[in-house]
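Student: Once you've had a glance at the structure underneath, I'll fire off some questions.
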Amino acid sequence: MVARITRRGALAAAALGVTACGGGDAPPPRGPRPGSGAGLLNSVLALEHSGIAAYAAAARVSGPDTRAELRAIADQEMDHVARLSKLIERLGGHPVQGRPAAEYARTLPRLRDERDALLLARDLEERLVRAHLDALAKLPAGDLRRAAAAIAASEAEHLALVRNLAGAPPAPAAFVTGTS
Amino acid sequence: MTLDRRAALAAGVTAAGALVLAAPAPARSGADKQVLEQLIALEIRLHSAYETAARRRVVDAGLANLLAGHEREHADGLARVLKRRSGGGAVATVPEPELNRALSGGQRGFLRFALRSESEAVAAYADAVTRLGDPTLLQPLGSVMTGHAQHLVLLRKALGETVLTRAFEPPERGAGGTQSG
């Protein structure tokens, strides 16, 4: 339990570090209007960036089959990054950029084996589901909400896959909130 | 395992509770009521499909009963919201003409039908959240939608297909991204 809390904390620290680096900054004078959703999307984007780094680390300590699945998930996270970045730019904002891999590596927990990798992945996907559902509830009506919904659903699929890889039931609950 | 179940139950209760808590006032508009009615009808149709498939032993009973149970939870939660908001009662549904054809197609035929139906459910929720006027409904409806997304994973696995097929569920027009399967 202690190790798990530590991993959660480490991942949160990685994400928050990136957010503080860009997503949480005050908007520039000619940037997006307040309430546009750009700041919110940037916070989620920061978490996606840290997730890609986490998956790279997780893949390194996993066996070939799991590694292939984790890389497939990471590919989709990259697609999410691209989509979120475009939306933020359209709103007049500046998408937060990912940090160098070495910076993420310092904040990620030490992964000993595939079991650790899947624990990290599960925590990450729960955070991503929660973050996108939180964003969905705060974004203005229209296509921003649709994008948040489409990504939240994708993250829920990742969570189910990761749970399955860890030998747990993929879809244990009717409502997926990212808080289990 | 026990902890997993407890955690899952707690998460489910939280989301189901959020649906109820989101219902203290009359519906803000007839449009929201209509959206809720459409989603309830969708959930009831899915529940009925899985229940029928389990009863006729067309698919693995464990899978069908799990999914039927989830759809029932979704329908019940949405119905409570609708009732408290507008006094609305049961939502009428018509039998799915496609269901009988799917059932006659055996396990594979039904799983394909279920996969298509779950995909349509995710799309229906993703569409609903763009239009809802009441923001307190967004997160709970989102957690139902993500539940349906996880059903897609179960069904693709049961079909022996690639589990992750696209980065956006439902696919977004013009979003680009990885598409496979």
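The values are calculated or read from the model by the stated rules, or taken from the named source; none is laboratory data. Being a predicted model, the structure only gives us computed values, none of them experimental. For neighbour counting, all protein chains shown are included, and Cβ atoms are generated from backbone atoms with ideal geometry for every residue, glycine included.
Student: Of the numbered conditions (1) assigned to a loop (DSSP other than H, G, I, E, B); (2) farther than 27 Å from B:Ser143 by Cβ, A:Val96 fails exactly one; give the number of that condition.
Tutor: The one condition A:Val96 does not meet is (2).
Student: Quick check on the stretch B:156-176. Is at least one of its residues among the hydrophobic types (A, V, I, L, M, F, W, C), facing another protein chain (nearest Cβ under 7 Å), assigned to a helix (DSSP H, G or I) and buried (at least 19 other Cβ atoms within 10 Å of the Cβ)?
Tutor: To start, the set of residues in the stretch B:156-176 that are among the hydrophobic types (A, V, I, L, M, F, W, C) comprises B:158-159, B:163-164, B:167-168, B:175.
The next check asks that each one be facing another protein chain (nearest Cβ under 7 Å); those that pass are B:163-164, B:167-168, B:175.
Next cut, assigned to a helix (DSSP H, G or I) only: none.
Checked against the condition, which is being among the hydrophobic types (A, V, I, L, M, F, W, C), facing another protein chain (nearest Cβ under 7 Å), assigned to a helix (DSSP H, G or I) and buried (at least 19 other Cβ atoms within 10 Å of the Cβ), the stretch B:156-176 yields no hits at all.
Student: On to the next question. If I filter the stretch B:60-68 for residues that are part of a loop (DSSP other than H, G, I, E, B), away from chain A (no Cβ under 11 Å), within 24 Å of B:Leu152 (Cβ to Cβ) and at pLDDT below 90, do I get at least one hit?
Tutor: First, pick out the residues of the stretch B:60-68 that are part of a loop (DSSP other than H, G, I, E, B): B:60.
Filter once more, so that each one left must be away from chain A (no Cβ under 11 Å): B:60.
So of that shortlist, the ones also within 24 Å of B:Leu152 (Cβ to Cβ) come out as B:60.
Checking the rest, the ones that are also at pLDDT below 90 come to none.
Within the stretch B:60-68, not a single residue is part of a loop (DSSP other than H, G, I, E, B), away from chain A (no Cβ under 11 Å), within 24 Å of B:Leu152 (Cβ to Cβ) and at pLDDT below 90.
Student: Right, next: What are the pairs with Cβ atoms under 7 angstrom where one residue, in the stretch B:140-152, is touching a residue at least 12 places away in the same chain (Cβ under 8 Å) and among the hydroxyl-bearing types (Ser, Thr, Tyr) and the other, located anywhere, is surrounded by 24 or more Cβ atoms within 10 Å (Cβ to Cβ) and part of a helix (DSSP H, G or I)? Sequence gap at least six, or different chains.
Tutor: The qualifying pairs are B:Ser143/A:Leu133; B:Ser143/B:Ala15.
Student: Separate question: Please tell me if B:Val122 is part of a helix (DSSP H, G or I), within 13 Å of another protein chain (Cβ to nearest Cβ) and either in contact (Cβ under 8 Å) with a residue 40 or more places away in the chain or aromatic (Phe, Trp, Tyr) (or both). Spell out the reasoning first.
Tutor: On the way: part of a helix (DSSP H, G or I): yes; within 13 Å of another protein chain (Cβ to nearest Cβ): yes; either in contact (Cβ under 8 Å) with a residue 40 or more places away in the chain or aromatic (Phe, Trp, Tyr) (or both): yes.
Yes, satisfied.
Student: Please determine, by comparing only the residues of the stretch A:165-175 that are without any contact (Cβ under 8 Å) to a residue 60 or more places away in the chain and either touching a His at 6+ places or on another chain (Cβ under 9 Å) or more than 7 Å from chain B (Cβ to nearest Cβ) (or both), which one is nearest to A:Ala131 (Cα to Cα). Walk me through it before giving the result.
Tutor: Taking the stretch A:165-175 and keeping what is without any contact (Cβ under 8 Å) to a residue 60 or more places away in the chain, we get A:166-175.
In the following step, the residues that additionally are either touching a His at 6+ places or on another chain (Cβ under 9 Å) or more than 7 Å from chain B (Cβ to nearest Cβ) (or both) were identified as A:166-167, A:169, A:171, A:173-175.
Details: A:Ala166: 23, A:Gly167: 25, A:Pro169: 23, A:Ala171: 19, A:Ala173: 18, A:Ala174: 19, A:Phe175: 15 Å.
Among those that are without any contact (Cβ under 8 Å) to a residue 60 or more places away in the chain and either touching a His at 6+ places or on another chain (Cβ under 9 Å) or more than 7 Å from chain B (Cβ to nearest Cβ) (or both), it is A:Phe175.
Student: Scan the stretch A:99-121 and report the pairs whose first residue is farther than 13 Å from A:Ala54 by Cβ and whose second residue is assigned to a helix (DSSP H, G or I) and of a type in the set (Ser, Thr, Tyr), with Cβ atoms within less than 9 Å and a gap of 6+ or a chain change.
Tutor: That search, which allows pairs on different chains as well, returns A:Glu114/A:Thr66.
Student: If you don't mind, another one. Restricting the first residue to the stretch B:125-138 and requiring it to be under 19 Å from B:Gln150 (Cα atoms) and at the interface with chain A (Cβ under 8 Å from one of its Cβ atoms), which pairs with a second residue that is crowded, with 17+ Cβ neighbours inside 10 Å and modelled with pLDDT under 90 meet a Cβ separation below 6 Å and a spacing of at least six or different chains?
Tutor: Listed by first residue and then by second, the contacts come to B:Ala126/B:Pro170.
Student: Any idea which residue in the stretch A:60-76 is farthest from B:Thr162 (Cα to Cα), counting only those that are touching an Asp or Glu at 6+ places or on another chain (Cβ under 9 Å) and in contact (Cβ under 8 Å) with a residue 40 or more places away in the chain? It would help to see each step written out before you state the result.
Tutor: Going residue by residue through the stretch A:60-76, those that are touching an Asp or Glu at 6+ places or on another chain (Cβ under 9 Å) are A:61-63, A:66-67, A:73, A:76.
Next cut, in contact (Cβ under 8 Å) with a residue 40 or more places away in the chain only: A:61-63, A:66, A:73, A:76.
Working: A:Val61: 23, A:Ser62: 20, A:Gly63: 19, A:Thr66: 14, A:Ile73: 12, A:Gln76: 14 Å.
Residue satisfying both the conditions and the ranking: A:Val61.
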